[in-house]
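Each value in this text was obtained by applying a stated rule to the coordinates, not by laboratory testing. Keep in mind it's a predicted model, so treat the numbers as computed, not measured. Glycine gets a Cβ as well: all are built from the backbone with ideal geometry, and neighbour counts include every protein chain shown.
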Amino acid sequence: MSGSGTGVEEMTEDEVASRAAPGRRHRSRVGYVAGLFGLLVLLLLGVVVVLIAQGSIPIPVGEVLRILTGQDAESAVNRTIVLDARLPKVVAGLLAGAALAVGGAQMQTLFRNPLADPFVLGVSSGAILGAAIVILGTGGVGWLSGLGVVSQLGVTGAAVAGAAGVLLIALGIARRVGDPVVVLVVGVMLGYLAGAVVDMLVYYTDPDRLQALATFTRGSVRNVTWHELQVVAVSCAVVLVLSVFLAQPLNALLLGERYAGSLGVNVRRVHFLSLASVAVLSGVITAYCGAIGFVGLAAPHLARGLLRTSDHRLVLPASALIGAVIVLVAEYVAGGNGLTRTSLPLNSVTAFVGAPVILWVLLSGRARRQAR
């Protein structure tokens, strides 16, 4: 009691500290998240500048920054290289990485499977199949750069339809079986089945038209032009904005569909919008950049690990930033550094990131089960 006789308790320094601790932890948490997002943005900007500066003709970083900020360039050739040759592929890689990462995060929640992503579950293979049917099965159709607007939309629409078909089959099996491992195996089998159909189409197709399909299986952002980016950018922007509105309903789905329904979430609508967005993202990215694997798997797990939370309001934007960084770094390693004349497929590089993440998820899950 207080020595003044007022009858009011005096809190000790430890009590004051304990009561103030939650506020300090909250401020520390906010500072950590803000710092992490700031670091990711700076890292992404740095990778963008380096990738544009490096190539068969190196351009000084200062010159790149002047061109990107609209200032006068020292050389008109440098401006042409930066704006017309290198910037489109960088923007395409940024959009592809962000889109695949956001799609992977949504799929992992919808399927309740930490190993779900458009590549692993065969969605990208379905998109390749849809595009292959149009490219190889329609007379007079060549690679995207030689197609008219109608034909481009035909290839893109077919890729989206193929991705949506595989997604619907996988989701139906997931609801019927419920075992994440079985769903994963089914997704892999669907991918192999789609690949087998593509191989059959290739076998019976004129060899002169097979080059049109090469990039789809390799994955590359180098052939994307500003004209094609109009379709990619608009599609990705619409779906990425939609993911912002789906963040809160996806948080509710983390605790189950019944719980989400009890909170007033329209589960069917969330499923439809999420699956539609993933199908559009996977189809568009595959149609213009090919099948880029493991980004949608690795980026969400890295985001959750760094943020130490599963809140989609934070995980989705962080996944987008990390996915963009992964694809751009992979493009640099694959040949965007200008050190070699040949380029590796992006899948060959992204696998070095995705494969360890798969092993980590599997081993950590087994360790948790054994601990119980």
Practice problem: Go through the range 323-335 residue by residue and turn each phi into a ³J(HN,Hα) via Karplus (6.51, -1.76, 1.60, θ = phi - 60°); whole Hz please, and just put x for glycine and proline. | Solution: x, 5, 5, 4, 5, 5, 5, 4, 5, 5, 5, 5, x
Exercise. Calculate the spin-label point distance for ALA276 paired with LEU242, positioning each point 7 Å from the Cα along the beta-carbon direction, and give it in nanometres.
Key: 0.5
Quiz item: Could you give me the ³J(HN,Hα) list for the range 164-177, computed from phi with Karplus coefficients 6.51, -1.76, 1.60 and θ = phi - 60°, whole Hz, x at Gly and Pro?
Solution: 5, x, 5, 4, 5, 5, 5, 5, x, 5, 4, 5, 7, 8
Quiz prompt | Linear extension gain, ARG269 paired with VAL50, 0.36 nm per residue minus alpha-carbon span | solution = 74.7 nm
Exercise. Pull out a ≥ b ≥ c, the square roots of the eigenvalues of the alpha-carbon gyration tensor of the range 250-340, then state rounded if a/c is under 1.5, prolate if not and a/b is larger than b/c, and oblate in the remaining case.
Key: oblate
Quiz prompt | Projected label distance in nm at ARG308 and LEU43, using a 7 Å step from Cα toward the beta-carbon | solution = 1.7
Exercise. Please work out how much length the chain gains when fully extended from SER262 to LEU36, using 0.36 nm per residue of separation minus the C-alpha to C-alpha distance, in nm with one decimal.
Key: 78.0 nm
Exercise. Return the distance in nm (one decimal) between the two label points of a simple spin-label model at VAL185 and VAL202, each offset 7 Å from Cα along Cα→Cβ.
Key: 2.7
